[in-house]
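Engineer: Please read through the structure below; I'll follow up with questions.
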There are 2 protein chains.
Amino acid sequence: MSVAPGSARTPGFNAGPIVAVVGAGVVGRSWARAFAGAGFPVRLFDPSAEAARAAVATIAAELSEDVGLGLLPAGAASEVVGRITVCGRLADAVAGVDYVQESGPEDLAVKQSILGELVAATAGDVILASSTSTLDPNLIAAGSPGAVRFLVVHPVNPPHLIPVVEILAGKATDPAIVVRACEFLRQVGQQPVVLHRFVTGFLLNRLQAALLREAIALVVDGVADAAAVDTVVRDGLGLRWAVLGPFGVAATNADGGVGDYLTRFRGPLMALMSSLSPTPELSATAIARLETSTAEMIGGMPLDRLRRSRDVFVHRVRALKRELAPMEGG
Amino acid sequence: MSVAPGSARTPGFNAGPIVAVVGAGVVGRSWARAFAGAGFPVRLFDPSAEAARAAVATIAAELSEDVGLGLLPAGAASEVVGRITVCGRLADAVAGVDYVQESGPEDLAVKQSILGELVAATAGDVILASSTSTLDPNLIAAGSPGAVRFLVVHPVNPPHLIPVVEILAGKATDPAIVVRACEFLRQVGQQPVVLHRFVTGFLLNRLQAALLREAIALVVDGVADAAAVDTVVRDGLGLRWAVLGPFGVAATNADGGVGDYLTRFRGPLMALMSSLSPTPELSATAIARLETSTAEMIGGMPLDRLRRSRDVFVHRVRALKRELAPMEGG
């Protein structure tokens, strides 16, 4: 989804925020598409000018494919790509912008170095956001005079399709910067979720790893095949999780809500949670078993086709959520 | 969803399988509705005749509500209810049926006793299925002459809405009985998934507990609020999980599929999985915190309305899956 129908578009907002995306890898590229798709002018910088140009070509190809799939109106592709300007120098990319999304390599020293450049090249009210998925913002911004306007804005890949971003401020971050960042991201069509403190994997990767760990253990231990585990999620738990998170599910499972649920089922729930599998070894044998079992499930379907059908499905489910509005979000 | 549009309906199958449901609690009631909704005549027995009659009244009310919500065609409610016959004696309920779904109390001795009665009252080729969510079929059928035709068929609540059933045979179960049970359940519109051996919580409750455990820990440890955790699932992970299970997601996250993914990300994935939270204590303070945080998320929305909007959403997502057929199932 590129032109976010649910976003609160300010009349004439094309004169509004200008965005710089620093780093044109998979994440930066998808951010550029998401920002431009929501109507914002984007300046894209990568130390490799070739990488930046290739990223724009990939965005154009993806957009055309989405037009072909009926996910976007004809004409949207060139309109969105037209909002992206490749800049050969970092200073040119960030000159006069309101928001910078850094999507460089996942390395503390590199992130610190980029932040230093950004602080030097931008005015004191420009929001400096990092796409990091693993690093503590307090470490990235340690000792930086820009710490006050720096925060983590971690997207779900790909951000133009999955609308959640994780927001994590450092101890030195101005709370007003967090508020402004969240407001802007909502305009981009994103659902910002705020973490109160750093934790490995943030929310999304932790929750995903919790499910994946148990799923892997069930297959490696011979309890069931990958197809059985995936069916249980896809046609069972996932149908509910697309509309209610774990607390919403728990609340609707007992007449008195989540407190009633946890009190009433405390014993068996504690026993079940305590019986969950430890982290499996992921030996070569285990990986081979998981690969074979997954291949049996997918059959001969090419992964590209699977990805496209996933994207069409997610696009349609989001439209359904906007139509039904079962909970806020979409 | 009661009249399962995706089910493989044999022409003239109304002359086919007759089903007995033993136990008219929440699970038995929903089974009766699912079987009758798929076109099968249902005999419903409960030791309390009043409970059985109340269950039918509840089914009728639920069906009328679904007609009102546009989920079922007008007339469907009385048609479905008309297929359910309440029987005052177990022997009458199971006489001449092809399949028995036992949904009695979750107690080993009670399940063994009911199985004894069912074995005595049915012919040697009648499938005897138990809805148990916690008991090992080898224990329930230990020493029973009916062990050969006994198996666990554990539904997801409510089975008329969520189409996954977990199948677990005992060591003595005839494999042909498992095949016949799966075929029948597909006719009912269910996706049977087969477990190779008993494990606490089977697949679905384990996977759900894995996600819930981490979700609870994140809120109790003060990392984020329930609303943030639920948004990450509902507008992030859940959008994918409604179309791809954890192995499908992993396979589409690396160009070489799941083996490539697990090999390439083995280090950080193992580190993340090993950093996941242990089982939280669920003290009164923790439960109060979870309750307050969930209440802030839900706001004033009545749980009944939340359940209804969930049901409408799941119904529509299933229709979308049948239309798009992204993976098998729906």
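Any read-out appearing in this document is the output of simple, stated calculations on the displayed coordinates, not a laboratory observation. Computed from a predicted structure; not experimentally measured. Reconstructed Cβ throughout: ideal geometry from the backbone, glycine too, with neighbour counts over all protein chains shown.
Engineer: Quick check on packing: order B:201-207, A:296-302, A:219-225 by the mean number of other C-beta atoms within 10 Å, highest mean leading. Display every interim value, and only then the final one.
Structural biologist: Working: B:201-207: 23.7, A:296-302: 12.9, A:219-225: 19.3.
Sorting B:201-207, A:296-302, A:219-225 by mean packing, highest first, produces B:201-207, A:219-225, A:296-302.
Engineer: Sort A:GLU291, B:GLU102, B:GLU183 so that the residue with the fewest other Cβ atoms within 10 Å of its own Cβ comes first and the one with the most comes last.
Structural biologist: Values: A:GLU291 22, B:GLU102 27, B:GLU183 12.
With the sparsest Cβ surroundings first, the list reads B:GLU183, A:GLU291, B:GLU102.
Engineer: For the range B:283-293, what does the Karplus curve 6.51 cos²θ - 1.76 cosθ + 1.60, with θ = phi - 60°, yield as ³J(HN,Hα) per residue in whole Hz, taken in order and with x for Gly and Pro?
Structural biologist: 5, 4, 5, 4, 5, 4, 5, 5, 5, 4, 5
Engineer: Same structure again: Rank B:ILE84, B:LEU151, B:LEU185 by how far each Cα sits towards the positive end of the charge dipole of chain B (+1 on Lys, Arg Cβ; -1 on Asp, Glu Cβ) and give me just the farthest.
Structural biologist: B:LEU185
Engineer: Using modelled amide H (1.01 Å from N, peptide plane; none on Pro or chain starts), what sits under 5 Å from the amide H of B:VAL86, excluding residues fewer than 5 places away?
Structural biologist: Amide H neighbours of B:VAL86: B:LEU44.
Engineer: Say a label goes 7 Å from Cα toward Cβ at A:HIS196 in every copy; what distances in nm does this one have to the rest, shortest first?
Structural biologist: Distances to the matching label points in the other copies: 4.3 nm.
Engineer: Which whole-Hz couplings ³J(HN,Hα) result when phi for each residue of the range A:196-213 is put into the Karplus expression 6.51 cos²θ - 1.76 cosθ + 1.60, θ = phi - 60°, listed in order with x for Gly and Pro?
Structural biologist: 7, 7, 5, 8, 3, x, 6, 7, 5, 5, 5, 5, 5, 5, 4, 5, 5, 4
Engineer: Would you mind pulling out the separation of the Cα centroids of the range B:275-330 and the range A:251-330, in Å?
Structural biologist: Between the Cα centre of the range B:275-330 and that of the range A:251-330, the gap is 12 Å.
Engineer: May I ask you to evaluate 6.51 cos²θ - 1.76 cosθ + 1.60, the Karplus curve with θ = phi - 60°, for each residue of the range B:35-46 and list the ³J(HN,Hα) values in order in whole Hz, giving x for glycine and proline?
Structural biologist: After applying 6.51 cos²θ - 1.76 cosθ + 1.60, I find 5, 5, x, 8, x, 8, x, 10, 9, 10, 10, 9 Hz.
Engineer: What share of the DSSP beta bridges in the protein assembly as shown is antiparallel, in percent to the nearest 5? Let's see the in-between values first.
Structural biologist: Numbers: 10 of 56 bridges.
Here the antiparallel bridges make up roughly 20 percent for the protein assembly as shown.
Engineer: If the reach is capped at under 26 angstrom between alpha carbons, list the lysines near B:LYS321, excluding any in the same chain fewer than eight residues apart.
Structural biologist: A:LYS321
Engineer: For A:ASN157 and A:ASP107, what is the calculated FRET efficiency with R₀ set at 22 Å and r taken between the beta-carbons, to the nearest 0.05?
Structural biologist: On the way: r = 18 Å, r/R0 = 0.83.
Rounded to the nearest 0.05, the efficiency is 0.75.
Engineer: A further question follows. Please compute the modelled spin-label separation between A:THR58 and A:ASP304, points set 7 Å along Cα→Cβ, answer in nm with one decimal.
Structural biologist: Placing both labels 7 Å along Cα→Cβ, they lie 1.4 nm apart.
Engineer: Now a separate question. Using a Cα-Cα cut-off of under 26 Å, which lysines could be cross-linked to B:LYS111, ignoring same-chain neighbours fewer than 8 residues away?
Structural biologist: List returned: B:LYS171.
Engineer: Something else: Tell me, how many Å apart are the Cα centres for the range B:117-133 and for the range A:53-89?
Structural biologist: The two parts, judged by their Cα centres, are 60 Å apart.
Engineer: Please list the non-local residues whose amide H lies under 5 Å from the amide H of A:VAL165, H modeled 1.01 Å from N, same-chain partners needing a gap of 5 or more.
Structural biologist: A:GLN191, A:VAL193
Engineer: Would you mind ranking B:THR173, B:THR285 by Cβ crowding within 10 Å, fewest neighbours first?
Structural biologist: Values: B:THR173 22, B:THR285 10.
Exposure proxy ranking, most exposed first: B:THR285, B:THR173.
Engineer: Could you tell me what percent of the DSSP beta bridges with both partners in the range B:151-275 are antiparallel, to the nearest 5?
Structural biologist: Working: 5 of 9 bridges.
Here the antiparallel bridges make up roughly 55 percent for the range B:151-275.
Engineer: Starting with the fewest neighbours, write out A:VAL119, B:VAL232 ranked by other beta-carbon atoms found within 10 Å of each beta-carbon. Don't skip to the end; give the middle numbers.
Structural biologist: Details: A:VAL119 19, B:VAL232 29.
In increasing order of surrounding Cβ atoms, one gets A:VAL119, B:VAL232.
Engineer: Which value at 222 nm does chain A reach when only helices count, each DSSP H run of 4 or more adding -39,500 (n - 2.57), with the total divided by all residues and rounded to the nearest 500 deg cm²/dmol?
Structural biologist: The helix-only estimate for chain A comes to -15000 deg cm²/dmol at 222 nm.
Engineer: Who wins for biggest fluctuation among A:GLN190, A:GLN112, A:GLN101 in a Gaussian network model of chain A, springs between alpha carbons below 10 Å?
Structural biologist: Residue with maximal mean-square fluctuation among A:GLN190, A:GLN112, A:GLN101: A:GLN112.
Engineer: Follow-up question, since we're still on this one. Once Rh for the protein assembly as shown is found with the Kirkwood sum over Cα pairs, what is the Stokes-Einstein diffusion coefficient at 10 °C and 1.306 mPa s, in µm²/s? Intermediate values should be presented prior to the final figure.
Structural biologist: Numbers: Rh = 26.3 Å.
This corresponds to a translational diffusion coefficient of 60 µm²/s.
Engineer: In whole Å, how far is the Cα centre of the range B:137-210 from that of the range A:161-214?
Structural biologist: Taking the Cα centre of each part, the range B:137-210 and the range A:161-214 sit 39 Å apart.
Engineer: Moving to a separate point now. Expressed as an acute angle from 0 to 90° and rounded to the nearest 10, what is the orientation of the C-alpha long axis of helix A:108-121 relative to the principal long axis of chain A?
Structural biologist: For A:108-121 against chain A, the angle is about 30 degrees.
Engineer: Kindly provide the trypsin sites (Lys or Arg not before Pro) of the range B:38-124 that DSSP labels as loop, not H, G, I, E or B, and whose Cβ sees at most 14 other Cβ atoms within 10 Å. All intermediate terms of the calculation are to be shown ahead of the outcome.
Structural biologist: Values: sites: B:ARG43, B:ARG53, B:ARG83, B:ARG89, B:LYS111; in loops: B:ARG83, B:ARG89.
When the trypsin sites (Lys or Arg not before Pro) of the range B:38-124 are filtered for loop state and at most 14 Cβ neighbours within 10 Å, B:ARG89 remain.
Engineer: Moving on. What nm value, rounded to one decimal, do you get for the distance between A:ASP221 and A:VAL179 when each label is placed 7 Å out toward the C-beta?
Structural biologist: Once both label points are built, they end up 4.9 nm from each other.
Engineer: List the residues, sorted by chain then number, that are 5 or more residues from A:GLY104 or on another chain and whose placed amide H is less than 5 Å from its amide H.
Structural biologist: Amide H to amide H, under 5 Å and 5 or more residues apart or across chains, A:GLY104 pairs with A:SER131.
Engineer: Out of all DSSP beta bridges in chain A, what portion is antiparallel? Express it as a percent rounded to 5.
Structural biologist: On the way: 5 of 28 bridges.
Rounded to the nearest five, the antiparallel share is 20 percent.
Engineer: With viscosity set to 1.002 mPa s at 20 °C, what whole-number translational diffusion coefficient in µm²/s follows for chain A from Stokes-Einstein and a Kirkwood radius over Cα pairs? Before the final figure, lay out the partial values.
Structural biologist: Values: Rh = 21.8 Å.
The Stokes-Einstein estimate is 98 µm²/s.
Engineer: Could you give the length gained on full extension between A:ALA123 and A:LYS171, defined as 0.36 nm per residue of separation minus the Cα-Cα distance, in nm?
Structural biologist: On the way: separation 48, 0.36 × 48 = 17.28 nm, distance 2.09 nm.
Working it through step by step, the gained length comes to 15.2 nm.
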